[in-house]
1. Pop a pseudo-label 7 angstrom from the Cα along the beta-carbon direction at both R240 and A280 and give the gap in nm to one decimal.
2. Looking at the chain as a GNM with Cα springs under 10 Å, which of A243, A256, A15 has the largest mean-square fluctuation?
3. I need the fraction of alpha carbon pairs in the chain separated by more than 31 Å, rounded to a whole percent.
4. Provide the net charge surrounding H122, with neighbours chosen by a C-beta distance below 9 Å and charges set as Lys +1, Arg +1, Asp -1, Glu -1.
5. Quick one: which residues, 5+ away or cross-chain, put their amide H under 5 Å from the amide H of V177? H built at 1.01 Å from N.
6. Once you keep just the Cα pairs under 8 angstrom separated by 6 or more residues, what percentage relative contact order results for the chain?
7. Report, in degrees rounded to the nearest 10, the 0 to 90 angle that the Cα long axis of helix 272-285 makes with the longest principal axis of the chain.
8. Working from Cα positions, state the angle (0 to 90°, nearest 10) between the long axis of helix 157-172 and the longest principal axis of the chain.
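Rule-based calculations on the coordinates, nothing more; no lab input. From a predicted model like this one, the values you see are computed outputs, not experimental measurements. All Cβ positions, even for glycine, are placed from backbone atoms using ideal geometry, and neighbour counts span all protein chains on display.
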Amino acid sequence: MIERIAILGTGLLGASAGLALRAAGYRGAIVGWNRSPAQAQLALEMGALDSIAADPVEAARESQVVLLATPVYAILDWMEQLSGVLGPDHLVTDVGSTKAQITQAAGRLFNSPTRAAFLPGHPMAGKERGGAALADADLYRGAVWLFTDNPEWQRSARSAELVQAWRQWIIALGCRVIDLDPARHDELVAWVSHLPQFVATALSALLEDEVGDAPELKSVGGRGLREMTRLGASPYSMWRDIAHTNSDAIERALHALEQRLAHLRENLRTPVLRDEFEKANRFRRE
């Protein structure tokens with residue numbers, strides 16, 4: 001049913017999708033494009049792609065499924081570009097980390113009987129660094145792949161078939177699929193994904209200020225320091241769009257954490273500290 005897939009954005013997530021599809025038995029053509037020709041070439045050499053598109057819009061037009069694997073604002077730009085050139089025989093989907101703006105644009109630009117379908121998606125998988133060089137066929141295995149589909153969208157019969165076929169391929173990659181309301185999605189990922197990133201960024205930046213001129217102290221921290229600051233290696237380019245498109249939910253989560261840290265600071269010498277450790281242990285056990 002899906003004979004050709006175009007992956008626009010062949011960094012970590014896009015190249016991993018190509019590798020994972022091949023590992024899961026996909027036999028159709030996979031064509032890719034990246035704004036960095038070197039990244040597209042590396043994805044090709046790794047076997048994530050069959051070919052590199054000279055014209056990404058034309059590649060999308062010639063494919064049944066288009067996977068947008070770029071930062072959020074670039075996804076929104078591609079949606080604007082593709083909505084006028086693709087039709088009811090196409091499905092566009094994405095891996096964007098926030099979903100409210102993307103889902104809103106999907107309802108405005110796609111998902112009518114005369115237009116392509118758009119299925120907003122977000123795999124809860126990744127690494128602290130990006131790039132095709134780190135792509136992994138098993139990146140999505142065991143991960144949750146979230147969708148923020150809208151049952152009220154009126155799609156053509158063909159595009160509706162493509163939506164179901166793509167969802168089946170996601171399951172074939174080894175993912176568990178969960179459907180969420182887009183606002184609920186952004187609220188949840190602010191807690192379980194975005195907050196840990198900004199905590200690691202703040203901690204790493206603080207340590208750079210405090211002990212950055214004493215590099216031997218990094219060894220003193222050992223495994224605990226490495227685990228707590230691993231996400232601190234994530235580049236700003238990966239997180240700017242997330243911060244801008246989910247700022248309200250992230251602000252609420254950061255404010256709650258600030259209050260919790262103040263609570264800990266005020267109870268370092270009281271039994272309340274034990275209660276906090278017990279709650280933390282319970283969360284890890286469950």
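1. Simple spin-label model gives 3.4 nm for this pair.
2. Maximum fluctuation in the GNM of the chain, among the listed residues, is at A256.
3. Cα-Cα pairs in the chain separated by more than 31 Å: 33 percent.
4. For residues surrounding H122, the net value is 0.
5. W145
6. So the answer I get is 17 percent.
7. 30
8. Value to nearest ten degrees: 40.
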